[in-house]
Structures are given as C-alpha cells and as structure tokens.
1. In region 514-552, what residues are in a helix (DSSP H, G or I) and either modelled with pLDDT under 75 or not assigned by TED's automatic domain parsing to the domain that holds Val40 (or both)?
2. Does Thr189 meet the test of being farther than 30 Å from Glu393 by Cβ, within 36 Å of the chain's Cα centre (by Cα), buried (at least 16 other Cβ atoms within 10 Å of the Cβ) and of a type in the set (Val, Ile, Thr)?
3. If you go through region 50-73 one residue at a time, do you hit one that is assigned to a loop (DSSP other than H, G, I, E, B), modelled with pLDDT under 70 and in contact with a Ser or Thr (Cβ under 8 Å, 6 or more places away or on another chain)?
4. With respect to Glu245, is the statement that it is outside the structural domain of Ser333 (by TED's automatic domain parsing) and either at pLDDT 70 or above or within 27 Å of Lys390 (Cβ to Cβ) (or both) true?
5. How many residues does region 171-194 contain that are farther than 15 Å from Ser95 by Cβ and either outside the structural domain of Leu59 (by TED's automatic domain parsing) or charged (D, E, K, R) (or both)?
6. Could you please tell me which pairs satisfy a Cβ distance under 7 Å, a separation of 6+ or placement on different chains, a first residue in region 36-57 that is more than 15 Å from Val474 (Cα to Cα), and a second residue that is of a type in the set (Asp, Glu) and assigned to a helix (DSSP H, G or I)?
7. Which of the residues that make up region 74-96 are at pLDDT below 65 and of a type in the set (Ser, Thr, Tyr)?
8. What tally of residues in region 140-158 results from selecting those that are surrounded by fewer than 17 Cβ atoms within 10 Å (Cβ to Cβ) and modelled with pLDDT of 75 or more?
Amino acid sequence: MVPTQGFVSVSRRPPDVEDYLEMLRRYRSWIIGPMFAGLVIAVVVAFLWPDTYVSSATLRITPQQVPERLVPSNINTQIAQRLTAMQQEILSRTSLSELIQRPSMDLYKKERLRTPMEDVVENMRKDIRITILDVPTAQAPGQGRIVASAFQISFAYPDRYKAQAVVRELVTKFTEQNVQVQRNQAKLTTNFLADELKAAKADLDQKDAEITAFKQQNAGRLPEQMQSNMQTLNSLQMQLASVNEMLNRNAQEKMMLETQVQNLKSQENFVKAGADQNAGAQTVKNERLIQVNRNILDTETALAAARQVYKEDYPDVRTLKARLDTLKRERDSLEKQQEAQNAKAADGPSTMNPQVAKSLEDIKANLANVQAQIQAKNLDIQERTKQQTKLNEAISAFQARIEAGPVNEQRYAALMRDYQIAKQNYDDLAKKKDESETATNLEERKAGENLEVLDPASLPEQPSEPNRLLIAGVGIGSGLLFGLFMAGFKEMKDTSLKNLKDVRAYTNLPVLSSIPLLENALLVRRKRRLFWLAWSSAVIVGTIAMSGSMYYYYFGRS
C-alpha cells in the first residue's frame, strides 16, 4: 500500500494595496458586469414604475366665534376629538366605494377588473393619509403666539387631476360632516333638555298641587298662621274672660234683685197685716225678716266676690256658704210664721185705710219692676251663656290648631322643601334649555367651532414617487456590492500563486528569475473577441432595455 501523504495547511499572507489593485484588474469583469446589470434593471424598473402624484389640503380648526362666557357650547366633545369619528365615517367602505365608482372619478379602473372591491377600498385607504398638524397663528400684540390645531388630508394617485379631485371631495365631506355632527349634537342636547324640562314641569305642578291640597285640608293650621292663631286665641280668651265677668256681674245683680223681691214681698205682707191686733209683735217679726234678707244679700255678695278669687274648697268660701245656708233657713222660718199670721188675719174682718192701700200699690209696682229687671237679667245671662259656649268651642278649636302645629309644620316643611328642590331643578333646566337653544342657533349660523380650509387641494406638478435617480443609484450600488462579493468569493476559492510575493511567502526560497506565461496568440485573440462580443451584446441589450423603458415612459403611455 502506498502510504497516505500528509498535507500541511498554510495560512494565506495578508494582501497589500498592490494585491487589491491586482484583484480589481483581474476581476474587473466580475465587478463591472453586476454594476451594469444593476443599472439596467434599476432604470427599467424606475421608468416602468408609474408616477404617483400626491395632492394635499390643510384644514384648520377655528374656535367658536362668539365668546364662550357669553354663549356656552352645548356640544360635549371638541372638534379634534370628533375627527376620529368623522374619519371612520368618511373612510368607510360605503363612502369610498361610492367615490371610486363615481363616473366623474372612475378610480382604480384596472384594479377593479382584477381584484374585488374590498381590496380596492383597502388600497385607497392606504393612499389616503390624514395627519394632525399644529399651525402657529399670531395673536394680539404683546400676548405672544398661540397654537391652533389643524390637519392635512393627502391622497396619492397616478392621475394628478383625479388626486386633486379626490382631496377636494374629502375636504367637502369633512366640512359637511362636521356641520352635520355639530347640528345633530346641538339639536339632540336641546331636545333632551326640552324633555327633561317637561318632566320637571310636571313634577313641579305635582308638588304645587300637593301643597294646595295640604293647605285646603289644614286651613287655619298652617305654620305661617301660627302667630295669627295665637293672637286670635288670646283675643278669644280675653272675650271669654269678659263674658265670664259679665255673667258673674249679672248673677250678682240678679241675686240682689231677687233679694229686693223678697223684701218687697215682706213689705207687702207687713202692710197687709198692719191692721192686725198683733201689729206690734208682727212689726218686730217683719223687721227681723227684713234684717235677715239684708244679711242674706250681703252674704251672697261676699260669696260671689270670694268665688272670683278663690276656689270652692277655700275656707272663707266654705264659711260664707255655711252662713248663707243658716240665714236662708232662718228666712224660711220667718216667712212661714208670717204666712200663718196672714192666713189667720184673713179669717177675721179686715179694715184697710187709704194710706195703707196706697203703700200696698207702691210695693206691688216696685215688685213688678224688679221682676221685669230679673227677667231682663235672665235673658242677658242666656245670651252671655251662649257666647261663652261659642267662645269655649272656638278656643278649643284654636288650641287644637296650635297643638297640631308642630306635626303640620314638619309635613309642610317637607312639602316646601320638595317644592323648592323641584323649582330649582325646573329653573336650572329652563336656563340650560335657553342656553342650549342659543348654542343651537349659533351652530345654525356656523358661528361655533368649525373647520376652515387653510390650503385648498393642490395640483401636484411633480410626482412624489418614484425617485428615479435614487432607484438608479440603488441599482448601481447593489450591483457593485454584488460584484465585489463575487470577486472576493472567487479570490478565496483560487489558491494558485499569483506573483513573486506569493512564491517567496509560501516557499521560503529565493527566486532567481521569473518566466512570463506563454499563450497561443490565436487563443488570445479568440478570448478577446469573445470578451468584447459578450460585453458588446450586454451593453446593446441593456441600452435597448433602458431606451425602451424610457420611450414607454415618455411616449408609450396613453
């Protein structure tokens, strides 16, 4: 067997500048070829890539024209917050489909033939761009500058006129949508407040009806009538005291008149018995009877006065009552004796002189007069008693009103509190409704927060893409990198000795001389012809491709 030969791996020497230059000379075709191919591909792509024009418009958010402190807005969101909702509405499938298929627009005609409408709408959404901006605006002198919000609408499309038309249509939709949203929100707020005001009015009327019913049911017992009830009660009590005083006075006067009647009767009996033989003894008895009647009258007067000051169980009152009972029993006894003597005297002959008869007539006249006064006193006492009863009933009624005052006051206070709350709610809603109606009128006149077209839809003069110089530069750079990569890869795979430096480095032997590579002249000429033929063909094909794409771009498009 032949023994296996051993191989020794030798690291490559580091190349210098001359080596790099030699590599570039040796692999120049590998570098220039991809660069030219990259240039051709980039130019063809750049000129076959259709132009895209971008039209844009800027809308500014203008604040409310009337000061907010004079007319508060009834819209709960700022216009910057409503942009998202409006954007979703305007960029919806229905809106964009109508815009794409509109005869005056006729957008994405080729795409509609190849793809469904949903994909076309999605592509149009990508071509539409809405950007929020901050546009500085000048303010009054000495107050610096403020920043007003704005946003920009742009649309990219191969036809610049249609791009401008689409942006103009989007601007119109945004302004109209903003006006519609503001009016709808303002009307919705006003209608809501009107319904709430109607409900508050019904609640206020109900509370008012409850208060009216309470006043009707508690007439005279209301809290605000407490003072007048107290005054009326005091007046009734004073009237009752006056009536009681009059009753006591009438009772005393009646007692005095009754005593006079008794005295007159005694005198009448005395006169009738004046001719009797027992006149002396009878006179003594009559005088005793008159004295007893006088004592009775005095005692009754004292008893009436004591009763006005003291109660019935007071010792002085009881003493006067006992004395009065004793005097009345004595009077009754004397009257019985007088009647017996009068009856006895009537059985015998009677003789009466004219003077006695005249005295008897006077006594009867006085007796009739006193009895008439007693009758008048009785009538007055009856009338006073009726007044006393009525006054007592009225006093009881007013005392019941006063006693019911705290309960009625609590209930009345609760009703009035509910009424005040309902009235306050009604007043607040009425004020808010008026303010909302004013704000709605403000929105109707477009004096509220609006969108103002700061820059109208522009007509682009130059396409925004493609950037053909950039594409060509990228193609050349990519070809150069690819060529360098291929040259470096080929150099790494080639392990042959290229020059004397490699021989000295890898053999460590002195080099006496070098023999140049001897090739057949015919082969050399053939290689050169093939090389130039290949390059000429490549340059011609590349030039034709680039020229064709340029021609198509400038003259071939319809």
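The values are calculated or read from the model by the stated rules, or taken from the named source; none is laboratory data. Keep in mind that this is a model prediction, so the values were computed, not measured. Note that each Cβ is placed from the backbone with ideal geometry, even for glycine, and that neighbours are counted across all protein chains shown.
1. Within region 514-552, Ala521, Val524 qualify.
2. It is true that Thr189 is farther than 30 Å from Glu393 by Cβ, within 36 Å of the chain's Cα centre (by Cα), buried (at least 16 other Cβ atoms within 10 Å of the Cβ) and of a type in the set (Val, Ile, Thr).
3. Yes, that holds for at least one residue.
4. no
5. 2
6. none
7. Thr77 - this is the single residue of region 74-96 that is at pLDDT below 65 and of a type in the set (Ser, Thr, Tyr).
8. So the answer is 1.
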